[in-house]
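The values are calculated or read from the model by the stated rules, or taken from the named source; none is laboratory data. The structure presented is a predicted model; accordingly, all values stated were derived computationally and were not measured. So basically every Cβ, Gly included, is an ideal-geometry build from the backbone, and we count neighbours across all protein chains shown. These accessible areas exclude ligands, DNA and RNA; they are computed on the full protein's heavy atoms, side chains included. Shrake-Rupley method; radii C 1.70, N 1.55, O 1.52, S 1.80 Å.
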Amino acid sequence: MDIKEIQLAIDNELKVCREDILNVADQSSLNDFKGLHLGKKSLCSSLFSKMRDVPSESKQLVGKMVVDLRQKITDIFNAKENELKQVALEKQLQKDKVDISLPGYSHKLGSKHPFYAVVDDITDFFIGLGYEVADGPEVETDYNNFEMMNIPKDHPSRDMQDSFSITDELVLRSHTSAVQARVMAKCKGVGPIKIICPGKVYRRDNDATHSHQFGQIEGLVISESATFANLLETLTLLLKHLFGEKRKVRFRPSYFPFTEPSIEADISCFECGGKGCKFCKNTGYIEILGAGMVHPNVLRLNGFDDTKYQGFAFGIGIDRVAMLKYNIDDIKRFYTNDVRFISEFFKE
Ligand code: DAH
């Protein structure tokens, strides 16, 4: 073959390729195309194998012509291959099409339960005053719940907290004061102690403002210098923080077996502002928490030297605070899990 013939054959091959590629519509016909025009029996291959017969002065030129031919056919092949891939992708996308006009699944956002809003608020308040948060179990020993709190077996005040007994020695704790015993045991007679303990408690009780289960936050401070004045100041700050600066705070003498002296704190009535109404049973005040100086017996029972240490304690009902703060009529709403009730609070 002389150069002219080779050129003719190349031009023809390219023409045929351009025609053939038009008929390629899928991967299998593309493979056939490749075999035919780039495979062993293709013109390209046969030209390459005939190179040795080409006279040496033309070798370079013919070589370049054949390499060009192979490149052009490869380009045609690649272009088609990309086109087929694109078509396949389009098809797949059509199949997977998402109708963005369809309404999505709605995820209802939860909101904080008013009970835990009060727990968090009071906890943050005391952490700000340098208290630590302690914890204890809801199934408690009679020993921690009563004995260590200066309430021996035959003590009449056990009647007020007629507890849910599990065995003779295990009860559902009737107050978070039980955690005092646990914390003091850990400290082995060495102060200072400055803790609060939020948690659930259980007693036999049942009306609109009392329930067999409710929440309390216990506070305990033991040091060589904690005074009654410190207690009154702490409680006044707490109650003003919870109910507003304008609310009046009043302290009354009271009795608890684990404190001496004992007090109760009241705040001026929300309804009448202190004049007296049905809501506050004409007293002008609403009872809010119990407190006192830690009884020397409690210090001694729990391994503290009552000639060196003194302290104060307080216990506040979480549900009661939430009921007053958020105007809730029945304590049972806190645990009956009616979403309509909970979603009333803290809307976005
Ligand atoms: N434990 C008491 C109760 O359940 C609340 C209480 C009163 C706790 C006085 C105290 C306190 O620490 O000093 O009713």
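Descriptive notes on the structure:
- Top-ranked residue of segment 99-134 - restricted to ones that are of a type in the set (D, E, K, R), modelled with pLDDT of 95 or more and farther than 19 Å from Leu324 by Cα, ranked as least open to solvent (accessible area, probe 1.4 Å): Asp124
For (1) in contact (Cβ under 8 Å) with a residue 40 or more places away in the chain; (2) in a loop (DSSP other than H, G, I, E, B); (3) in contact with a Ser or Thr (Cβ under 6 Å, 6 or more places away or on another chain), each residue gets a yes or a no:
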position: Gly215; (1), (2), (3): yes, no, no
position: Ile222; (1), (2), (3): yes, no, no
position: Ala226; (1), (2), (3): yes, yes, no
position: Asn230; (1), (2), (3): yes, no, no
position: Leu235; (1), (2), (3): yes, no, no
position: His241; (1), (2), (3): yes, no, no
position: Lys246; (1), (2), (3): no, yes, no
position: Ser254; (1), (2), (3): no, no, yes
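- When residues of segment 256-270 are limited to those that are assigned to a loop (DSSP other than H, G, I, E, B) and touching a His at 6+ places or on another chain (Cβ under 8 Å), the one nearest to Gly292 (Cα to Cα): Phe258
- For segment 269-291, the count of residues that are more than 16 Å from the ligand (Cβ to nearest atom), among the aromatic types (Phe, Trp, Tyr) and farther than 26 Å from Glu218 by Cβ is at least one.
- Selection count where residues are open to solvent by 20 Å² or more (accessible area, probe 1.4 Å) and not in a strand (DSSP E or B), scope segment 166-182: 5
- Restricted to segment 244-268, and to residues there that are over 37 Å from the mean Cα position of the chain (by Cα) and open to solvent by less than 20 Å² (accessible area, probe 1.4 Å), the residue that is nearest to the ligand (Cβ to nearest atom) is Thr259.
- Within segment 31-49, residues that are in contact (Cβ under 8 Å) with a residue 12 or more places away in the chain have Cβ atoms under 6 Å from residues that are acidic (Asp, Glu) in these pairs: Phe33/Asp20; Leu43/Glu13, counting only partners at least 6 apart in sequence or on another chain.
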